[in-house]
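The structure appears below as structure tokens.
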Amino acid sequence: RKKAFFAYLTPYIERENARILKLRRQIDELAGKLQQQQQLTVEEYAFIYSLFDEFKIDMMDADLDGVRELLARVDVLPVSLVLTQAAKESGWGSSRFTTEGYNFFGQWCFKTGCGVVPSKRGQGKYHEVAVFAHAAESVNAYFYNLNTFYVYEELRAIRAKVRAQDGHVAAEKLAAGLARYSERGQQYVEEISAMI
């Protein structure tokens, strides 16, 4: 069952990582041009600003600092980390939210009718658990969440530091940046690290 779960989700994770790596290579090329003080084309500026929009970067210029900020957000997530969180959050694909809405990562939404209402939602709470049309949408939303949402700035900082030191991103090191993913905080980080 675990092998089937991993085999099912891995292609979607690899596809999103491949998309992000392609964007990252393009950003690296532009960073090289800017470092050499070469003029960017109108299309290259448009590309940078479209990524600022996609990755929720406000108030930045399409200069070297802006491109470096993009590189902090436009980066991969290790397959083992993504699979581990999916397994943990979805009960290996058996949770109600996964079977009813392809939500493998326990992601919330905040508009009435946007998802499935949790049976144990506290009084005065209005969140729902997001519903996706396909597993790929769930994976893409998870990547978007970790690469853009402010509570994962620590994860992105760890990733940038590890990449600068080691040249690649290790799941074990990134897990430390997930304390705010769950109300269990550090205990959640330890659970994810042990599972990895």
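Every residue in the range 91-105 that is under 18 Å from residue 141 (Cα atoms) and of a type outside the set (Gly, Ala, Ser), please.
97, 98, 99, 100, 102, 103, 104, 105
Residues checked against (1) closer than 17 Å to residue 107 by Cβ; (2) assigned to a helix (DSSP H, G or I); (3) open to solvent by 40 Å² or more (accessible area, probe 1.4 Å):
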{"site": "139", "(1), (2), (3)": "yes, yes, no"}
{"site": "157", "(1), (2), (3)": "no, yes, yes"}
{"site": "163", "(1), (2), (3)": "no, yes, yes"}
{"site": "183", "(1), (2), (3)": "yes, no, yes"}
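Going by the conditions given, is residue 66 more than 18 Å from the chain's Cα centre (by Cα) and either crowded, with 17+ Cβ neighbours inside 10 Å or under 27 Å from residue 134 (Cβ atoms) (or both)?
Taking the combined requirement at face value, the residue satisfies it.
Taking the range 152-196, which residues are free of Cβ contacts under 8 Å to residues at least 40 places away in the same chain and of a type in the set (Lys, Arg)?
Listed by number, the residues that qualify are 161, 173, 180, 184.
I'm trying to understand the selection: among the residues of the range 17-28, which are open to solvent by less than 70 Å² (accessible area, probe 1.4 Å) and in contact with a Leu (Cβ under 8 Å, 6 or more places away or on another chain)?
17, 23, 24, 27
Among 31, 72, which is open to solvent by less than 40 Å² (accessible area, probe 1.4 Å), closer than 20 Å to residue 151 by Cβ and in a helix (DSSP H, G or I)?
72
Among the residues of the range 75-116 satisfying the criterion of being modelled with pLDDT under 95 and of a type in the set (Lys, Arg), which is least open to solvent (accessible area, probe 1.4 Å)?
96
Would you point out which residue out of 23, 34, 30 is under 15 Å from the mean Cα position of the chain (by Cα), more than 30 Å from residue 188 (Cα to Cα) and without any contact (Cβ under 8 Å) to a residue 60 or more places away in the chain?
Only one candidate qualifies: 23.
The values are calculated or read from the model by the stated rules, or taken from the named source; none is laboratory data. Quick caveat: nothing in here was measured; it's all calculated off a predicted structure. Every residue, glycine among them, receives a Cβ derived from its backbone with ideal geometry; neighbour counts consider all protein chains shown. Remember, those area values only see protein heavy atoms, side chains included, never the ligands or the DNA or RNA. Shrake-Rupley method; radii C 1.70, N 1.55, O 1.52, S 1.80 Å.
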